[in-house]
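I have placed the structure first, in the form of structure tokens, so that the comments after it can refer back to it.
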Amino acid sequence: MASGVTVADEVIALFNQMKVRKASSQEEICKRKKAVLFCLSSDNKKIIVEEGKEILVGDIGKTVDDPYQDFIKLLPKNDCRYALYDANYATTETRKEDLVFLFWAPDCAPLKSKMIYASSKDALKKKCPGIKHEWQVNNMEDIQDRGSLADKLGGNVIMLEGKPC
């Protein structure tokens, strides 16, 4: 069932920037988003970029030691969110970089929040075509271990963000 929630233009623009990954200078690479959270507007009518809930590529090694663990810390403990995470990983054959769409719906989130986020997810996914990996997570135990994300990325993942799985 559709919720009638729309997707803000800034969300679509940010997705397209993350998907394309074009950057010519080191400065542009540093400003690229590694992870970002999306939430519902206060009137529950639009999916928007959540203010201050992002990790930039340039933050890695400075204010961010482990981008995956820092990404997990961005997630609210008691409410739902959508997220895009630009995963860097290595398989037994090659190194890869893929966007992962995450639907965070913790068990302790209010029922109304879970319902509106679940029914609005397709509106966001339709505006963000080409995402290879989608992951719904309902508790911290399922996301803490980087092996869980490695499983979603496919077989033979041996490293995620430079750390063994």
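The values are calculated or read from the model by the stated rules, or taken from the named source; none is laboratory data. Quick caveat: nothing in here was measured; it's all calculated off a predicted structure. Please note: Cβ atoms are built from the backbone with ideal geometry, for glycine as well, and neighbour counts cover all protein chains shown.
Residue check: is Ser120 hydroxyl-bearing (Ser, Thr, Tyr), more than 26 Å from Gly154 (Cβ to Cβ) and crowded, with 18+ Cβ neighbours inside 10 Å? Judged against the criteria, Ser120 is a match.
Among the residues of the stretch 23-35, is there at least one that is in contact with a Leu (Cβ under 8 Å, 6 or more places away or on another chain) and within 16 Å of Cys80 (Cβ to Cβ)? No, the stretch 23-35 contains no residue that is in contact with a Leu (Cβ under 8 Å, 6 or more places away or on another chain) and within 16 Å of Cys80 (Cβ to Cβ). Residue check: is Tyr85 in contact with a Cys (Cβ under 6 Å, 6 or more places away or on another chain) and either at pLDDT 95 or above or more than 21 Å from Ile29 (Cα to Cα) (or both)? When the stated conditions are applied, Tyr85 does not pass them.
For Cys80, the stated conditions do not hold, so it cannot be described as touching a Gly at 6+ places or on another chain (Cβ under 7 Å), on the phi < 0 side of the Ramachandran plot and hydrophobic (A, V, I, L, M, F, W, C).
Residues in the stretch 20-69 that are without any contact (Cβ under 8 Å) to a residue 24 or more places away in the chain, among the acidic types (Asp, Glu) and surrounded by 15 or more Cβ atoms within 10 Å (Cβ to Cβ): Glu54 alone.
Screening Lys125 on (1) at pLDDT below 95; (2) surrounded by fewer than 15 Cβ atoms within 10 Å (Cβ to Cβ) shows it passes everything except condition (2).
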